[in-house]
Amino acid sequence: MPDTRFLIALGSNQRHVRHGPPRAVLNAALTKLAQQGLTVLKYSSTIASRPVGPSSRAYANAAAIIETGLDPVDLLNLLKTIESHFGARRGQAWSRRVLDLDIILWSEGPFSSADPELTIPHPLLRERPFVLRPSVEIAPDWRDPVTGLTIAQIASRQGL
């Protein structure tokens, strides 16, 4: 498969024993992405955001555009491996985590897989300011293939 581009979201709300606080975890994750053969083309600034769900810890969030020859499922598997390298998720869903990596958009349009479960664009893309704010900084003209709107238009409709 020729190289394609993905917009990924990065998040952390837990300190890592070696890398430090959440902002530093995201920087370390970028390094790990490159070490795994992914080309990081753009990286947003890191923002602080309030948690969704039961967690009480603030998040550090960012977005990156990466280029790779991997298909969406293979990229998802690699991202999950990288997440586990930073530490296993503990407790319930939406709780604290050292690193969360999500595929948001793919340059080739929509994609869906049942096993593993993967939907591109990310189903909650349009509802999450902590994904939209960093994404609009680096990918304002990328289009949501479902709505046809650009990231900038979606962010504007959210009042961001």
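FYI, it's all coordinate maths here, none of it is from the lab. Note that this is a predicted model, so its numbers are computed, not measured. Every residue, glycine among them, receives a Cβ derived from its backbone with ideal geometry; neighbour counts consider all protein chains shown.
Structural remarks
- For T4 and H85, a Förster radius of 22 Å and the Cβ-Cβ distance give a FRET efficiency of 0.40, rounded to the nearest 0.05.
- From the coordinates shown, Cα extents along the principal axes in Å corresponds to which of [x] 44, 38, 28; [y] 40, 37, 29; [z] 83, 39, 28: [y]
- In this rough spin-label picture, where each label sits 7 Å from Cα along the Cβ direction, the E127-R23 distance is 3.0 nm.
- With Cα atoms defining each centre, segment 106-158 and segment 1-51 are spaced 17 Å apart in the structure.
- Given their separation in residues at 0.36 nm each and the Cα-Cα distance between them, S107 and T119 gain 2.9 nm when the chain is fully extended.
- Two-decimal ratio, segment 112-157, of alpha-carbon radius of gyration to 2.2 N^0.38 Å: 1.18
- Shape box of segment 1-75 [Cα atoms, principal axes, largest first, Å]: 42, 26, 21
- Peptide packing for 11-23, 107-119 was compared via the average number of neighbouring C-beta atoms within 10 Å per residue; ordered from the highest value, the list is 11-23, 107-119.
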